[in-house]
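Where a number appears in this text, it was derived from the coordinates with a stated rule and is not lab data. Everything numeric in this text was worked out from a predicted model, so none of it was measured. In this analysis, Cβ positions are derived from the backbone assuming ideal geometry, glycine residues included, and neighbour counts consider all displayed protein chains.
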Amino acid sequence: RIKDVRLNEETLSCEVVVPDYQLSLAIGKEGQNARLASRLTGWNINIKSETQLADEAAYGDVEWAEGAWVIDPETGEQMWKPADGGEAISVEDWASSQAAAVEAAQETVSDDNDDGDNAVDSEEPVSDGNESVEDAAVTDSDEQEEQS
């Protein structure tokens, strides 16, 4: 089941989004399905799961830091020293900037998921995960006794 297809006609490439549980099926053993589809269409096909797409949306605008943690010789405090030669910052300042970036990413994902489509595709019964096989057997036998 395909959730979305995004075409780029200029580069002859497309991005196909599938449910997480069908990602390996869509790609095929060692990428065989994706390669065959690419050869047949002449397009570069990139298959992604819904989770991968959400991660890209959440972290796509995040610039990953390059640098190193160093010890300030004067204070003995651990500092983040950017690779580009910028000013070193303390652990507390770094942590607060990261928390702000994570919060902004979560708001973006939350906004993207507020489209009102909360339908469940699975026909599997919903379980809270706390029911054991023995519990299910006892429940079934109790129901059979009540029906007799």
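For the reader, a short list of remarks on this structure follows.
- Within straight-line cross-link reach of LYS48, lysines at Cα separation under 20 Å, skipping those fewer than 8 residues along the same chain: LYS3, LYS29
- Summing charges over neighbours of VAL16, with a neighbour being any other residue whose Cβ is under 12 Å away from its Cβ, gives +1 when K and R count +1 and D and E count -1.
- Environment charge at ASN44 (Cβ cut-off 15 Å; Lys +1, Arg +1, Asp -1, Glu -1): +1
- ALA34 sits among other residues whose Cβ lies under 15 Å from its own Cβ, and their net charge, with Lys and Arg +1 and Asp and Glu -1, is +2.
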